[in-house]
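Undergrad: Structure in structure tokens, see below.
The values are calculated or read from the model by the stated rules, or taken from the named source; none is laboratory data. The structure presented is a predicted model; accordingly, all values stated were derived computationally and were not measured. Glycine also receives a Cβ, built like all others from the backbone with ideal geometry; neighbour counts cover every protein chain displayed.
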Amino acid sequence: MLVMGGIVGAGIFINPSVVAQRVHSPVLILGAWAAGGVVALLGAFVYAELADRMPSTGGEYAYLRDCYHPLVGFLFGWVLLLVVMTGGMAAVAVTFVRYFLILTGLPTISEPIIVVVTLAVLTIINCFGAKLGSRIQSLLMVIKIAVIAGLVFSGIFLIAHPFPVLHPALPPLQERSSPMGLVSAMGAAMIPVLFAFGGWQTSNFIASEIRDPRRNLIRALMLGVAGVIVLYLAVNVICIRALGTDGLAATKVPATEVMRLALGGAGAKLVAFGIAVSTLGFLSQSILTGPRVYFAMAQDGLFFRSVARVTRRTHVPAIAIILQSCWTAIIALSGSYEQILNYVVSMNFAFFGLSATCLFVLRRRDALTPQDGNTSGFRVPGHPWTTLVFVVICWLVVLNTIYKYPANSLIGVGILLLGLPVYALWNYRKQKRAES
């Protein structure tokens, strides 16, 4: 549930229309989502072996630190705190509040208050321990699955005039400029798909807090990603069946439109409830997992020492959790989260690819070092080729983002480079403490 909760957010209720706007046939729409699922599954394979080899707190931070240099790990944590995790959380928090207001009818003037209260409540819950946070996450995920199941059921049995799901295979002839144009359109469609599939990697942040992570985390990654692939494909089949390709591309709220056709206003309310729960679940999972990275940085002497403190009773990094939630609230209230999201994708996928290359480093060390029987229990199927495919896809996403949004990408690089003098300062302080 933790893995699925980190993936399934509001995106699956909205992004099908974005994909349909970029590729105009049912087969290509479903193909884009299936391809995104394959990429996520390849990533899950890679991160499962990394978790098996290094079940350490901090996930990607620990992999990059130990395989390359502490600076590389620090830069990952730096952008995670400043923009990647907190920027995404801020946008999701605002989305939750907007749907919450639709459901409750409260005045929009209360939006900032509800953002702060929501983050505060989830922060307090996660400060009571990873076990309670995981239980809340599991409950929210069950509700998400129930809402998606209701959407699928309604799309199958309650739509009076369904459209064909697998016809036509290609867009109309007048919309096909060239084979390369089709490839470019599929590439553009993959961006929202990959964004919707993101989040499975955050479970690795809390590997050291999971009982028997070499067994349970690997199983969670495999089953969680596979379950999300099934859910996402089912939702897209239903959207195409109910709305058709043109109708799907024309709406900004496809899931709401499907339920409105099936159940009227009550169906639209049900989807609003599903989106609110999905965003709440994403926030809960992010608050549970992200702070473990800053905690690991502080343990290494590369961040405020107080961030490395854990509570006596629950043994959670409460200061790290509060820090992340406070910065998220600041971004949400400032209204700058939309600009931040423009370069979150490039940052995310740059570090996805770089973290995956750690597997080549670890395999190389295996070849050079006597193992004494201590070999990894899980191996990525088809390595090195499957791992290489995942790395290349991640970096193609980064290059495509830089090409399409050069200004935003430049800001992202600037934030990354700003971490260099900050790392130098923390490293200097660390060395001074060691000398004294």
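Undergrad: Search segment 202-252 for residues being surrounded by 21 or more Cβ atoms within 10 Å (Cβ to Cβ) and of a type in the set (Ser, Thr, Tyr), and hand back the single one that is nearest to Arg53 (Cα to Cα).
TA: Once the filter is applied, the top-ranked residue is Ser203.
Undergrad: Within segment 375-389, does at least one residue satisfy the condition of being out of contact with any helix residue (DSSP H, G or I) (no Cβ under 7 Å at 6 or more places or on another chain), in a helix (DSSP H, G or I) and surrounded by 12 or more Cβ atoms within 10 Å (Cβ to Cβ)?
TA: Yes, segment 375-389 contains a residue that is out of contact with any helix residue (DSSP H, G or I) (no Cβ under 7 Å at 6 or more places or on another chain), in a helix (DSSP H, G or I) and surrounded by 12 or more Cβ atoms within 10 Å (Cβ to Cβ).
Undergrad: Val39 passes all but one of (1) crowded, with 24+ Cβ neighbours inside 10 Å; (2) under 20 Å from Val344 (Cα atoms); which number fails?
TA: The number of the failed condition is (1).
Undergrad: Considering only segment 104-121, state which residues are of a type in the set (A, V, I, L, M) and either at pLDDT 85 or above or not in a helix (DSSP H, G or I) (or both).
TA: Those that are of a type in the set (A, V, I, L, M) and either at pLDDT 85 or above or not in a helix (DSSP H, G or I) (or both): Leu106, Ile113, Ile114, Val115, Val116, Val117, Leu119, Ala120, Val121.
Undergrad: For segment 23-32, check the following and say yes or no: at least one residue is crowded, with 24+ Cβ neighbours inside 10 Å and outside any helix (DSSP H, G or I).
TA: yes
Undergrad: Could you list, in sequence order, the residues of segment 275-306 that are charged (D, E, K, R) and crowded, with 24+ Cβ neighbours inside 10 Å?
TA: Arg292
Undergrad: Would segment 268-285 turn up any residue that is part of a helix (DSSP H, G or I), free of Cβ contacts under 8 Å to residues at least 40 places away in the same chain and among the hydrophobic types (A, V, I, L, M, F, W, C)?
TA: yes
Undergrad: Only residues in segment 296-313 that are more than 17 Å from Gln324 (Cβ to Cβ) and of a type in the set (D, E, K, R) count as the first member; pair them with residues that are modelled with pLDDT of 90 or more and surrounded by fewer than 20 Cβ atoms within 10 Å (Cβ to Cβ), Cβ under 7 angstrom, at least 6 apart or cross-chain, and list the lot.
TA: That search, which allows pairs on different chains as well, returns Asp300/Pro70.
Undergrad: Could you identify the single residue in Val19, Val8, Val72 that is among the aliphatic types (A, V, I, L, M), within 14 Å of the chain's Cα centre (by Cα) and either crowded, with 24+ Cβ neighbours inside 10 Å or closer than 20 Å to Cys394 by Cα (or both)?
TA: Val8
Undergrad: Is one or more of the residues making up segment 75-84 closer than 24 Å to Met141 by Cβ, among the aliphatic types (A, V, I, L, M) and part of a helix (DSSP H, G or I)?
TA: Yes: one or more hits.
Undergrad: Has segment 367-386 got any residue that is at pLDDT 90 or above and under 26 Å from Leu302 (Cβ atoms)?
TA: no
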